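Here's the structure, in structure tokens; my notes come after.
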Amino acid sequence: MNSTISCRIAGITIHQRTRRLFTVSSPHSASYLSEFKKEKTTSPLWNIFYSRANERKRSRCYSSSISSEVAQKMTPYTKKLGDLILEDGQENEAAMITSRRIAISKAITLVESTSELKKHQADLLLQYLIQKRQQQRSNDKDPFLFRIGIAGPPGSGKSSFIEKLGLHILGKDADGNNTRLERSSSSSNTGCNASGTCTDIHRNNGDDMSLAVVCIDPSSMRSGGSILGDKTRMEQLSRHSRAFVRPSPNRGTLGGIASYTNDVVAICQLAGYPLVIVETVGLGQSEVDIDNTVDMSILLLAPGGGDSLQGVKKGIVEIADMIIVNKADDSNLIFAAKGTASDYRHALQFQRRKVDTWEPPVLLASALTSQGIYEIWEEICRFQRHMTSNGELANKRRKQASYWMWKNLQDLITKRTQNDPEIRERAAAMTKSLESGLVTPRIAASEILDAVLRRKS
């Protein structure tokens, strides 16, 4: 039943009609910090507590206090979502799997929301999940986490390919039938055992490997709606107990992904899915934001996708760690697929490598017959092992974190500027000058920026 409620956040009272009771506790006082400093100066055990040998223990204790502060600011609804996502120990029960899936879906919906109140709760939820997961780590070894991006033009078979790859990784379909493929006689051993299990990856997760798939669907430029139909091509994978498939709209964001995709991937991994596959919208040559979200970028092409000149063009080909020519299954398409693969192999010889020590392989595959899926998974394992051993993977993730910090800052500045009444008034005046041809868009933007800076000062 609807009711009018008041939520006090940072001293601002917000009246809202809602079906759920959002009760946000007031910000904590500085008493904790004062006690913290007092303990630091008076306790004789403080030096021992701060020693290098106990540094990790100190970090967990501090994280525990911070997570309790975050929990106090969360609504009961958000806190319940976080606890359901983190709950484990009964993953094999159907009820537990269902409740966790629902909680993850609602958490992602919270992240995708445009409401300021829900955005604030989404930030608290992410912080809560991160800190709780850090407390649950009982040893110094970080858990295995790997993110794969599948990009390609529309119609290249990305969704069907992901289902075949995912079922091979999981080993069984939703009905319990074996889906692990055999190694072909011509393929070399690059780290997977005879059963098709990549030893390096599954060593950290056992035979109960789980994965999540985030499918980015284009949004209408007119209505803003999205079909979100990629999940229908993953019938077996979406019903699998160890898989989670989530379609999301891009809401007009360029680059092949949505502005919140990085947070969605983080929620999936924090929820216990160490392997996350991100399917982008159908891409052109310049959409390369996927490389700032994942650890490995795979470019999926259809046969006859252009000559060798396409391979040397800048953009999407430059960020690819692997190129796959899909649909190599028909007697007519197989020759076109081999020709396309040959063109890209020759073209890559003239490209500057993204990683000096890694040469992107060009492989053939068929999502219809599962041809090449085993070899592709072997190459993914080899890439993960190579990038981890030389430190490139950790370095890339640090750069990605910085990139998304600046990206989110740009989005926040843009939105808050557009919502400012004085800035909107100034922008309306500049729009009239633009329509009259008195100024250019760049000059108008500079004027608005000056107005923003003057007001902040």
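Available extension along the chain between ARG398 and ASP330 is 20.2 nm, counting 0.36 nm per residue and deducting the alpha carbon span.
Which entries of LYS132/LYS354; LYS73/LYS415; LYS118/LYS354; LYS106/LYS354; LYS119/LYS327; LYS399/LYS432 show an alpha-carbon separation above 32 angstrom in the structure shown? Correct reply: LYS132/LYS354; LYS118/LYS354; LYS106/LYS354; LYS119/LYS327; LYS399/LYS432. At 1.4 Å probe size, with the rest of the protein present, what percent of the exposed accessible area of region 386-457 is carbon and sulfur atoms? About 57 percent, which is the carbon plus sulfur part of the accessible surface.
Remark: region 370-382, residue by residue, has Karplus-estimated 3J(HN,Hα) of 6, 5, x, 5, 4, 5, 5, 5, 4, 5, 5, 4, 5 Hz, where x stands for each Gly or Pro and the curve is 6.51 cos²θ - 1.76 cosθ + 1.60 at θ = phi - 60°.
Accessible area per residue for region 368-436, computed on protein heavy atoms with a 1.4 Å probe, is 63 Å².
In sequence order, region 69-80 has phi-based couplings of 5, 5, 4, 5, 8, 7, 6, x, 5, 5, 4, 5 Hz under the Karplus curve 6.51 cos²θ - 1.76 cosθ + 1.60, θ = phi - 60°, and Gly or Pro positions carry x. Ligands, DNA and RNA aside, VAL317 has an accessible area near 10 Å² when probed at 1.4 Å.
For the full complex of protein chains and a 1.4 angstrom probe, list ARG180, ARG397 by accessible area with the highest value first. Don't skip to the answer; put the middle values down first.
Numbers: ARG180 50, ARG397 85 Å².
Ranked list, largest accessible area first: ARG397, ARG180.
For region 69-115, the C-alpha radius of gyration sits at 1.24 times the compact-globule guess of 2.2 N^0.38 Å, with N the residue count. For region 356-457, taking the reciprocal of the average inverse distance between every pair of different Cα atoms yields a Kirkwood hydrodynamic radius of 18.6 Å. The packing ranking, built from the mean of other Cβ atoms within 10 Å per residue, places the peptides 95-105, 359-369, 270-280, 421-431 in the order 270-280, 359-369, 95-105, 421-431, highest first.
Full extension of the segment from TYR77 to THR388, taken as 0.36 nm per residue of separation minus the current Cα-Cα distance, would add 108.1 nm.
The values are calculated or read from the model by the stated rules, or taken from the named source; none is laboratory data. Everything numeric here is computed off the predicted structure, so don't read it as measured data. Cβ sites come from the backbone with ideal geometry, for glycine too, and all protein chains shown count toward neighbours. The accessibility values were calculated without ligands, DNA or RNA, using every heavy atom of the protein model including side chains. Shrake-Rupley method; radii C 1.70, N 1.55, O 1.52, S 1.80 Å.
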